[in-house]
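Accompanying notes for the structure given below.
The values are calculated or read from the model by the stated rules, or taken from the named source; none is laboratory data. On a predicted model such as this, the values are computed, not experimentally measured, just so you know. Note: ideal-geometry Cβ built from the backbone for every residue, glycine included; neighbour counts use all protein chains shown. Accessible surface is based on the protein model in full, side chains and every heavy atom, while ligands, DNA and RNA are left aside. Shrake-Rupley method; radii C 1.70, N 1.55, O 1.52, S 1.80 Å.
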Amino acid sequence: PLTVTGAARRRAALPVAGTLLTAAALTAARRPDRLLAAFADATGSDPAVRADPANRALAEETARRFRATPVAVLARSAARALRADPLALAARPAQPTLVLVGEEDRVGPPDEAAAVARALPHGRLLVLPRCGHFPFVERPLDTLDALVRHLRGAPPPSTIPL
């Protein structure tokens, strides 16, 4: 997310300490209760998404895999990502690109998604209402429809009905 700026990006950019500081933050975040709470916090306001047993199972499996991945691997990856300039990277693709974001996404909010879409040479933005950070979980049919339209070269609908 573009909101990870300032001190967090400067710390991550430190040659060795950046990865170590990122590892310390990831170690604290790996607790199962924190991972499941983060998943719930990242979803939108639709209570059915959080109550769905399949989504709970997905969150638990994701948390299990996250905990199974060595912290050093996660830390190197996160530190590398934090050192990158996402808007500069967005200028690279020549093909049409769909930026799909949930209206209630607090991890990568719509205004950040819009900045990325504007930075893309052929970027299009679609904001899904009543959706958080996981459109493919929270609004799977709308996400699939938008992707199919995009891949066929048709513009996504300007609005998605609730």
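Each row is one residue, and each column tells you yes or no for (1) more than 17 Å from the chain's Cα centre (by Cα); (2) on the phi > 0 side of the Ramachandran plot; (3) part of a helix (DSSP H, G or I).
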position: 57; (1), (2), (3): yes, no, yes
position: 60; (1), (2), (3): yes, no, yes
position: 67; (1), (2), (3): yes, no, yes
position: 73; (1), (2), (3): yes, no, yes
position: 80; (1), (2), (3): no, no, yes
position: 88; (1), (2), (3): yes, no, yes
position: 95; (1), (2), (3): yes, no, no
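Can you tell me which residue among 88, 94, 59 is touching a Phe, Trp or Tyr at 6+ places or on another chain (Cβ under 9 Å) and at pLDDT below 90?
59
Yes or no: residue 120 under 17 Å from the mean Cα position of the chain (by Cα), crowded, with 18+ Cβ neighbours inside 10 Å and within 22 Å of residue 152 (Cα to Cα)?
no
Report every pair of residues separated by at least 6 positions or lying on different chains whose Cβ atoms are under 7 Å apart, first residue within region 1-22 and more than 12 Å from residue 76 (Cβ to Cβ) and among the hydrophobic types (A, V, I, L, M, F, W, C), second assigned to a helix (DSSP H, G or I) and at pLDDT 65 or above.
2/86; 2/112; 2/115; 4/82; 8/82; 13/83; 21/11
Can you tell me how many residues within region 116-146 are in a helix (DSSP H, G or I) and in contact with a helix residue (DSSP H, G or I) (Cβ under 9 Å, 6 or more places away or on another chain)?
12
Please pick out the residue among 106, 152, 130 that is modelled with pLDDT of 85 or more, at positive phi and open to solvent by 70 Å² or more (accessible area, probe 1.4 Å).
After ruling out the rest, the residue left standing is 130.
When you scan region 47-59, do you find a residue that is of a type in the set (A, V, I, L, M), over 26 Å from residue 104 (Cα atoms) and loosely packed, with under 14 Cβ neighbours inside 10 Å, even just one?
Within region 47-59 (the criterion being of a type in the set (A, V, I, L, M), over 26 Å from residue 104 (Cα atoms) and loosely packed, with under 14 Cβ neighbours inside 10 Å), the answer is no, since none of the residues qualifies.
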